[in-house]
Amino acid sequence: MTVVSKADSSRLTTRKLTLAYEERTVVQELDLAIPDGEVTVIVGPNACGKSTTLRALGRLLRPRGGAVLLDGEELAKLPTKRIAQQIGLLPQTPVAPEAITVADLVARGRQPHQAWWKQWSEEDERAVVDAMERTDVAGLAHRSVDELSGGQRQRVWIAMALAQETDLLLLDEPTTYLDIAHQVEVLDLVRRLNRVRGRTVVIVLHDLNQAARYADHLVAMKTGRVVAEGPPAEVVTAELVREVFGLDSVVVPDPVTGSPLVVPGAPWGAERD
Ligand SMILES: Nc1ncnc2c1ncn2[C@@H]1O[C@H](COP(=O)(O)OP(=O)(O)OP(=O)(O)O)[C@@H](O)[C@H]1O
Ligand SMILES: [Mg+2]
């Protein structure tokens, strides 16, 4: 395994990226560099533009201005299939085709690797089985996605994104609907994919403490702009939490990992009436 030197290169970047829905500009002139071989976590309040940014990074949304660049080339100008072989995106609210089975949905993750002259291969089968096992959904393979619980369905979507086996993986709130054990399982899985297989991962998370635990690179957004970015130990401070979320908190070392742990509430003696 080659050791990727940290944070000195970025295959995926944005250059003065502006994103808008009709008249509403959501992200303005954003310059972002996703560090190769690292886990980047994006945090920020509801509606600040996290999902919008992630969708643009995965070319689900076209820039209003500026560009997303993959290996220095404008994403908007690259063939869709080539992008899908490099970038996997799990949106915040994916929609499954009606009555599709778990195995069939996960298999769709292999589409970018298919071609009209190529049969479903052992490689495809291995990727699908592997993804289902890693996300603990192999036992659901023949169930219809419609009839799963929210957490089961979320894990199936993650399996589909994993089956795509891309170097870059973008996950929008992958822990939504998951119980605490499955949240940790999914985040550990993402971390392993990064550490063992060298995948570059971008995750949107709401839980600041999980973000601080799992991020190599943390990006804090507010109203479509990056307020702070860097290693969690430098980024996550009471000042930042106040600035970004308008919340008083105390930041202490996480007793397990030593990463910043945000405890909401004013410190003793500093409460407001
Ligand atoms: N399809 C859309 N059409 C119009 N406006 C949209 C659309 N999607 C998002 N928006 C608006 O863009 C802004 C940013 O939304 P976005 O989904 O990027 O926020 P977010 O940071 O992901 O929030 P959350 O934490 O709630 O998921 C919001 O004001 C939202 O209402
Ligand atoms: Mg969102």
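Just so it is clear, none of the values below were taken in a lab; they were calculated from the coordinates. These numbers come from a predicted model, not from an experiment. No Cβ is skipped: glycine too gets one built from the backbone with ideal geometry, and neighbour counts run over all protein chains shown.
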What share of the DSSP beta bridges in region 12-264 is antiparallel, in percent to the nearest 5?
60 percent
On a 0 to 90 degree scale, rounded to 10, what angle separates helix 150-163 from the longest Cα axis of the chain?
70 degrees
If you fit an axis through the alpha-carbon atoms of helix 180-197 and take the longest principal axis of the Cα set of the chain, what angle between them do you get, 0 to 90°, nearest 10?
70 degrees
Mean separation of Cα contacts under 8 Å, 6 or more apart, over the residue count of the chain: relative contact order %
22 percent
Angle between the chain longest axis and helix 122-134 axis [Cα atoms, degrees, rounded to 10]:
40 degrees
Alpha carbon centre of region 83-147 versus region 151-206: separation in Å?
14 Å
Expected sort for 73-85, 15-27 on mean C-beta neighbours within 10 Å, highest first, is 15-27, 73-85
How long are the three semi-axes of the equivalent ellipsoid for the chain, computed from the Cα gyration tensor as the root of 5 times each eigenvalue, in whole Å, largest first?
31, 23, 18
Take each of the peptides 91-100, 158-167, 202-211, 44-53, average the number of other beta-carbon atoms within 10 Å over its residues, and list them starting from the highest.
158-167, 202-211, 44-53, 91-100
Cβ-placed point charges (K, R +1; D, E -1), dipole of region 12-264 about Cα centre in debye, nearest 20:
580 debye
